[in-house]
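Novice: Okay, handing you the structure first.
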Amino acid sequence: QGKLKEAISLTQQSIRKAPYHAYYHWLLSRAYLKQKLFEESIVPLKKHISLNPNLALAHTYLGGVYINLKRFDEAIAPLKEAADLANKKADEANKKIEILIDKYFIEGVEKIIIITGKGLGSKTSNNPYVSKDLSILKNSVPDYINANPKIKNKIKSISKAETKDGGEGAFYIFLKKL
């Protein structure tokens, strides 16, 4: 508790020196959230979002704060924005994966390791605002491949990666020969 109060004080000093540094606002909001000071976390979360609008997690946290405060109508917009940002990132990732598959298929590469991370679920025991099942890329990339005959025809199989290659946060794509 004492360390969090010190962190808040130091972060507030940093914000006074560099008010347009989004990360300081993020840190301040996180320190408030760790103490369950939901009302206090709103201003730094909103400031962080205004400075760095593409971090879906910040929108998710803001929505979660509003839910904790039972301000459900206010939770809708940030949660919707978080979902839109996450879907946009998934679409971008899927398109990049398609380009990689085409490139490596032509080059004769047999195995590609796709590292998605575990998604936000890897840290959820400390985070009440994020679903344990949220690992958008881990699920969207194989779904995208299976729904796209152009790429699917180049793939022999897809399987979970070994621990040394990323385990739960990665998978293999085995390509067919040309």
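The values are calculated or read from the model by the stated rules, or taken from the named source; none is laboratory data. Keep in mind the model is a prediction, meaning the values are calculated, not measured. Neighbour counts run over all protein chains shown; Cβ positions are idealised from the backbone, glycine included. Heads up: the accessible areas ignore ligands, DNA and RNA and are worked out on the full protein's heavy atoms, side chains in. Shrake-Rupley method; radii C 1.70, N 1.55, O 1.52, S 1.80 Å.
Novice: I'd like the orientation of helix 38-51 relative to the chain: the angle between its Cα long axis and the longest Cα principal axis, in ° from 0 to 90, rounded to 10.
Specialist: For 38-51 against the chain, the angle is about 60 degrees.
Novice: If I fit a long axis through the Cα atoms of helix 56-68 and take the longest principal axis of the Cα atoms of the chain, what angle between them do I get, 0 to 90°, rounded to 10?
Specialist: In the chain, helix 56-68 runs at an angle near 50 degrees to the longest axis.
Novice: Using a Gaussian network model of the chain with C-alpha springs under 10 Å, which one of Lys34, Lys46, Lys70 is most mobile by mean-square fluctuation?
Specialist: Lys70
Novice: Let me ask another. What ranking do 85-91, 4-10 get when scored by the average of other Cβ atoms within 10 Å per residue, highest first?
Specialist: Top to bottom by mean Cβ count within 10 Å: 85-91, 4-10.
Novice: Could I ask something else about it? Leaving out ligands and nucleic acids, and using a 1.4 Å probe, what accessible area per residue does region 62-108 come to in Å²?
Specialist: Per-residue value: 62 Å².
Novice: Can you tell me the 0 to 90 degree angle between the C-alpha axis of helix 136-147 and the longest principal axis of the chain, rounded to 10?
Specialist: It works out to around 30 degrees.
Novice: May I ask for the distance between the Cα centers of region 54-76 and region 133-177, given as a whole number of Å?
Specialist: If we compute the Cα centre of each part, the gap is 32 Å.
Novice: In the chain, what percent of the accessible surface is made up of carbon and sulfur (1.4 Å probe, ligands and nucleic acids excluded)?
Specialist: The computed percentage sits at 56.
Novice: Taking a threshold of 24 Å on the Cα-Cα distance, which of the pairs Lys34/Lys88; Lys46/Lys95; Lys95/Lys177; Lys5/Lys80; Lys46/Lys80 fall above it?
Specialist: In this structure, Lys34/Lys88; Lys46/Lys95; Lys5/Lys80 lie more than 24 Å apart at Cα.
Novice: On to the next question. Most fluctuating residue of Leu62, Leu27, Leu100 in a GNM of the chain with Cα springs under 10 Å: which is it?
Specialist: In the Gaussian network model the winner is Leu100.
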